[in-house]
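The values are calculated or read from the model by the stated rules, or taken from the named source; none is laboratory data. Given the structure is predicted, the values throughout are model-derived calculations rather than measurements. Cβ sites come from the backbone with ideal geometry, for glycine too, and all protein chains shown count toward neighbours. These accessible areas exclude ligands, DNA and RNA; they are computed on the full protein's heavy atoms, side chains included. Shrake-Rupley method; radii C 1.70, N 1.55, O 1.52, S 1.80 Å.
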Amino acid sequence: MSSQHHARAWTPEMDTRMKELIAEGLSAAAVGNSMGVGRNAVIGRAHRTGVALNHPKSGPKIDRVRTRAK
């Protein structure tokens, strides 16, 4: 069984919109949802066009202390 992928060509308008949404701070998944394409399509296109994606900042690391149940 084979899966079919329908590649859609990125237009200059789509590139512009992707850049705008990324500049607004949206994640690749949110950009993809907004534009009707997949998260991986956004990541790939951003990489090929030299657009830096916004990577979520991780919060402070919290050391967790394990305690044994008595």
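Summarising the label geometry, the points placed 7 Å from Cα in the beta-carbon direction at Arg68 and Ala7 lie 5.9 nm from one another.
Rounded to the nearest 10 Å², what accessible area does Glu13 have for a 1.4 Å probe in the complete protein model? Surface accessible to solvent at Glu13 totals approximately 130 Å².
The stretch between Ile43 and Glu20 holds 6.8 nm of extra length on full extension. This uses 0.36 nm per residue minus the Cα-Cα distance. The length gained by stretching the chain between Ala52 and Ser27 to full extension, at 0.36 nm per residue less their Cα-Cα distance, is 7.9 nm.
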